[in-house]
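For reference, the structure is listed below as structure tokens.
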Amino acid sequence: SSLRYVTHLDLSNNLLNGGATKALSGWSVLQELRLANNSFESVPELVDVMSSITYFDVSANNIVGEIPVFLSFASNLVYVDISSNSFSSNIPDYMGGNLPQLYSLYMHSNDLTGKMPRSICNLRNVSLRNLSVDCDAAEGDVASDV
């Protein structure tokens with residue numbers, strides 16, 4: 001299909017629901033994926049697409065569970081917005097260690113736990129300029145070390 005040559009896909013603000021489609025699999029030149037402001041409950045594993053992705057936005061959906069592992073394969077990511085969902089895990093180390101070009105990372109309004117990984121804090125000296133997470137310093141929760 002000629003859709004596998006799409007470089008930018010924006011399905012934001014469309015009231016889409018369920019799981020984001022697996023039809024994106026094989027879109028090896030996809031650079032920007034914008035699925036914000038829908039009612040998606042999950043994001044499919046997109047390992048084969050992630051090597052070309054620079055912009056990933058799934059904010060303001062109903063996504064539950066852990067931060068997707070496939071983001072660790074997205075070494076060209078500059079912008080990640082997973083805010084305003086129901087992700088409920090620790091922030092994985094790979095978010096900083098495998099994403100050396102990351103400039104903006106938005107994770108606020110989720111149910112994230114634990115401490116901010118040192119690898120993300122180290123990116124502040126390299127590329128990271130925008131970081132948004134919820135903090136509860138009284139409990140030593142996410143981002144209390146930022």
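A few notes on this one:
- Only one of the numbered conditions (1) under 18 Å from PRO117 (Cα atoms); (2) within 11 Å of the chain's Cα centre (by Cα) is violated by GLY96, and that is (2).
- Residues of region 50-83 satisfying the condition of being out of contact with any strand residue (DSSP E or B) (no Cβ under 8 Å at 6 or more places or on another chain) and open to solvent by 50 Å² or more (accessible area, probe 1.4 Å): SER51, VAL69, PHE73, SER75, ASN76
- For SER2, the conditions (1) within 30 Å of ASN122 (Cα to Cα); (2) of a type in the set (S, T, N, Q); (3) more than 12 Å from the chain's Cα centre (by Cα) all hold with the exception of (1).
- Considering GLU45, GLU32, the condition of being over 11 Å from the mean Cα position of the chain (by Cα) and more than 27 Å from ARG129 (Cβ to Cβ) is satisfied by GLU45 alone.
- Residues satisfying the stated conditions in region 76-93, i.e. more than 12 Å from the chain's Cα centre (by Cα) and either of a type in the set (A, V, I, L, M) or more than 16 Å from ILE63 (Cα to Cα) (or both): ASN76, ASP93
- Applying the condition of being among the hydrophobic types (A, V, I, L, M, F, W, C), at pLDDT 80 or above and within 17 Å of VAL80 (Cα to Cα) to region 8-49 and asking which residue is most open to solvent (accessible area, probe 1.4 Å) yields LEU11.
- Flag if ASP48 is among the acidic types (Asp, Glu) and touching an Asp or Glu at 6+ places or on another chain (Cβ under 7 Å): no
- Checking each residue in region 9-45 for being of a type in the set (S, T, N, Q) and over 22 Å from MET107 (Cβ atoms) picks out ASN14, ASN17, THR21, SER25, SER28.
The values are calculated or read from the model by the stated rules, or taken from the named source; none is laboratory data. Source: prediction; values computed, not measured. Cβ atoms come from the backbone with ideal geometry, glycine included; neighbour counts cover every protein chain shown. For accessibility, only protein heavy atoms count, side chains too; no ligands or nucleic acids. Shrake-Rupley method; radii C 1.70, N 1.55, O 1.52, S 1.80 Å.
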